[in-house]
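The values are calculated or read from the model by the stated rules, or taken from the named source; none is laboratory data. Note that the structure is a prediction, hence the values are computed from the model and not measured. Please note: Cβ atoms are built from the backbone with ideal geometry, for glycine as well, and neighbour counts cover all protein chains shown. These area figures cover heavy atoms from the full protein model, side chains too; ligands, DNA and RNA do not enter into them. Shrake-Rupley method; radii C 1.70, N 1.55, O 1.52, S 1.80 Å.
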Amino acid sequence: AQSVTQPDIHITVSEGASLELRCNYSYGATPYLFWYVQSPGQGLQLLLKYFSGDTLVQGIKGFEAEFKRSQSSFNLRKPSVHWSDAAEYFCAVAPSGGYQKVTFGTGTKLQVIP
Amino acid sequence: NAGVTQTPKFRVLKTGQSMTLLCAQDMNHEYMYWYRQDPGMGLRLIHYSVGEGTTAKGEVPDGYNVSRLKKQNFLLGLESAAPSQTSVYFCASSYLNVLTFGAGSRLTVL
């Protein structure tokens, strides 16, 4: 069965600093990978996705993520964090092809300090 | 373009009461899902549907039932609510593996 691990429950960064959120997955083949963001009281919004091809993917709001097959990782990065990036971030995995069952990690809550 | 709409947004129930959460999407998506979100647990799939008239169990289906009589609607029912069902419930629909979520329904069972 597929699974997703987000080892950091909570991260605090200063505004303007760089950010990396970690995500490791377990799946037998190359999966589809996603990052979603959830602002307080809101539903989840897709930041970016990886299906195939270039392993560095760009998303909305200046985020990017890199798929590393050898490490089974899909870490999310942003070079300079803004106060509005404070939210909870979820990594997710789905089987490539077939029916669309998405499994989510437990989330990383990002706090941004001035 | 409303996307995915959930009603109600908030509800308080007493143990043993029943209720239905309604999810409506206007994107003509085949796939629809109900998740629950609990602190430290991420999102867990309750039930899903791959098309009108079809439903299937997710990883935490006990205590819930669903129906998909129309393509655009996916209903989640609690027949006899329990305090363990206190949670935030999210409906989503998907196309090409990308999920679009509703804003959530916060349910408290006393």
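Could you tell me whether any residue of region B:40-51 is over 13 Å from the mean Cα position of the chain (by Cα), assigned to a strand (DSSP E or B) and closer than 14 Å to B:LYS71 by Cβ?
Of all residues in region B:40-51, those over 13 Å from the mean Cα position of the chain (by Cα) come to B:40-42, B:50-51.
Going one step further and asking which of them are assigned to a strand (DSSP E or B), we end up with B:42, B:50-51.
Those still in the list that are closer than 14 Å to B:LYS71 by Cβ too: B:50-51.
Within region B:40-51, one or more residues are over 13 Å from the mean Cα position of the chain (by Cα), assigned to a strand (DSSP E or B) and closer than 14 Å to B:LYS71 by Cβ.
Which residues, taken from region B:16-47, are of a type in the set (Ser, Thr, Tyr) and either without any contact (Cβ under 8 Å) to a residue 12 or more places away in the chain or surrounded by 12 or more Cβ atoms within 10 Å (Cβ to Cβ) (or both)? Even if it seems obvious, please write down each step before you answer.
Going through region B:16-47, the residues of a type in the set (Ser, Thr, Tyr) turn out to be B:18, B:20, B:31, B:33, B:35.
B:THR20, B:TYR31, B:TYR33, B:TYR35 - these are the residues of region B:16-47 that are of a type in the set (Ser, Thr, Tyr) and either without any contact (Cβ under 8 Å) to a residue 12 or more places away in the chain or surrounded by 12 or more Cβ atoms within 10 Å (Cβ to Cβ) (or both).
How about region B:6-15: which of its residues are open to solvent by less than 60 Å² (accessible area, probe 1.4 Å) and in a strand (DSSP E or B)? Spell out the reasoning first.
If we filter region B:6-15 for residues that are open to solvent by less than 60 Å² (accessible area, probe 1.4 Å), which is where we start, we get B:6, B:8, B:13.
B:GLN6, B:LEU13 - these are the residues of region B:6-15 that are open to solvent by less than 60 Å² (accessible area, probe 1.4 Å) and in a strand (DSSP E or B).
Taking region A:5-24, which residues are touching a Cys at 6+ places or on another chain (Cβ under 9 Å), outside any loop (DSSP other than H, G, I, E, B) and open to solvent by less than 20 Å² (accessible area, probe 1.4 Å)?
So in region A:5-24, the residues touching a Cys at 6+ places or on another chain (Cβ under 9 Å) come out as A:5-7, A:21-24.
Subsequent filtering for residues that are outside any loop (DSSP other than H, G, I, E, B) retains A:5, A:21, A:24.
Scanning region A:5-24 gives a single hit, A:LEU21.
Could you list, in sequence order, all residues of region B:52-80 that are away from chain A (no Cβ under 12 Å), closer than 22 Å to B:SER18 by Cβ and assigned to a loop (DSSP other than H, G, I, E, B)? Walk me through how you get there before you give the answer.
Looking only at region B:52-80, we keep the residues that are away from chain A (no Cβ under 12 Å), and these are B:52-53, B:55, B:60-80.
Then keep just the ones that are closer than 22 Å to B:SER18 by Cβ; that gives B:55, B:60-70, B:73-80.
Hits for region B:52-80 are B:VAL60, B:PRO61, B:ASP62, B:GLY63, B:TYR64, B:ARG68, B:LEU69, B:LYS70, B:GLU79, B:SER80.
Can you give me the ranges of the strands (runs of 3 or more DSSP E) entirely in region A:43-114 with at least 3 residues that are closer than 28 Å to B:GLY58 by Cα and out of contact with any helix residue (DSSP H, G or I) (no Cβ under 6 Å at 6 or more places or on another chain)? Steps first, please.
Values: elements: A:44-50, A:56-58, A:64-68, A:73-78, A:87-94, A:108-113.
In region A:43-114, A:44-50, A:73-78, A:87-94 are the strands (runs of 3 or more DSSP E) which contain 3 or more residues that are closer than 28 Å to B:GLY58 by Cα and out of contact with any helix residue (DSSP H, G or I) (no Cβ under 6 Å at 6 or more places or on another chain).
Could you list, ordered by first residue, the pairs with Cβ atoms under 7 Å in which the first is in region B:84-100 and within 14 Å of B:ILE46 (Cβ to Cβ) and more than 8 Å from chain A (Cβ to nearest Cβ) and the second is among the acidic types (Asp, Glu) and assigned to a strand (DSSP E or B), at least 6 apart or interchain?
Once the first residue is within 14 Å of B:ILE46 (Cβ to Cβ) and more than 8 Å from chain A (Cβ to nearest Cβ) and sits in region B:84-100, its partners that are among the acidic types (Asp, Glu) and assigned to a strand (DSSP E or B) give B:SER87/B:ASP38.
Okay, residues lined up against (1) at pLDDT 95 or above; (2) open to solvent by less than 50 Å² (accessible area, probe 1.4 Å):
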site	(1), (2)
A:THR55	no, no
A:GLU64	yes, yes
A:LEU76	yes, yes
A:PRO79	yes, no
A:ALA86	yes, yes
A:PRO95	no, yes
A:GLY98	no, no
A:VAL102	no, yes
A:VAL112	yes, yes
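List every residue pair whose Cβ atoms sit under 6 Å apart, with the two residues 6 or more apart in sequence or on different chains, where the first one lies in region A:79-102 and is on the phi > 0 side of the Ramachandran plot and the second, anywhere, is charged (D, E, K, R) and at pLDDT 95 or above.
Hits for this filter: zero, empty list.
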